[in-house]
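Asks: Attaching a single structure in structure tokens format; questions to follow.
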Amino acid sequence: MTRGDDGELWRRARQGEAECFGVLFDRHGEAVRAFCARRTGSSDAADDVVSIVFLEAWRRRGEVELVDGNALPWLYGIARRTMQHRWRTALRHRRALERLTPAPATPDHADAVAGRLDDERHLAQLRAALERLRQPDRDVLLLCVWQGLSYAEAAVALGVPVGTVRSRLSRARSRLGAETEALNTPHVACPRTASAQRREMS
């Protein structure tokens, strides 16, 4: 089938061309999974959330909000809200998705595997610093820095004005830098005073 922009694919999907939704999944599924993995700290949990996100996107296909013909910011917004409620809804949505269509086959390429393992190695360190941030700051940092969204796209994903995205991102970058520096600073024992050393020797 012809691959159009996201707006065209959504229009055709709403008209009954289910394969168009499959193209959208192929186009954006990995980016959504990467965002969810960084947000949850778990690749397994991210896989569950991705299933929920695209099921919810299909259910709300008439409400899609595009930014320059791109549906990814809207999908990130669904992902963010889904993760806030994932433990209550994950099992119900995953079973529903499995009844609709089989999971798409994913080739096991060596480069993809190596990239995933590299992500896992860095995830714990990043997670430790990110967990110290407020959730709104964490979300805007993940979307704008790691996922590469513009301010306008992040505003759609977060449901806030563009100015709020700018201020949150500035604050998040500053705080993340401070937290990362704190985590990497070794704890140095305080030197003992001369009187304390004399007491130990006596």
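Asks: Which of the residues spanning the range 1-12 are assigned to a helix (DSSP H, G or I) and of a type in the set (Asp, Glu)? Please lay out each step first, then the result.
Replies: Going residue by residue through the range 1-12, those that are assigned to a helix (DSSP H, G or I) are 6-12.
Matches in the range 1-12: Asp6, Glu8.
Asks: Same structure again: Please note which helices (runs of 4 or more DSSP H) are completely contained in the range 13-132 and include at least 3 residues that are at pLDDT below 65 and not β-branched (Val, Ile, Thr). Write out each step before concluding.
Replies: Values: elements: 18-40, 43-59, 72-84, 86-100, 110-130.
Helices (runs of 4 or more DSSP H) meeting the threshold: 86-100, 110-130.
Asks: Is there any pair with a first residue in the range 131-150 that is aromatic (Phe, Trp, Tyr) and a second that is open to solvent by 40 Å² or more (accessible area, probe 1.4 Å) whose Cβ atoms are under 9 Å apart and which are 6 or more apart or on different chains, and what are they?
Replies: Trp146/Arg38; Trp146/Leu126
The values are calculated or read from the model by the stated rules, or taken from the named source; none is laboratory data. Small disclaimer: the values here were computed from a predicted structure and weren't measured. Using ideal geometry, Cβ is built from the backbone for each residue, glycine included, and neighbour counts are taken over all protein chains shown. Just the protein is used for accessible areas: all its heavy atoms, side chains included, with ligands, DNA and RNA removed. Shrake-Rupley method; radii C 1.70, N 1.55, O 1.52, S 1.80 Å.
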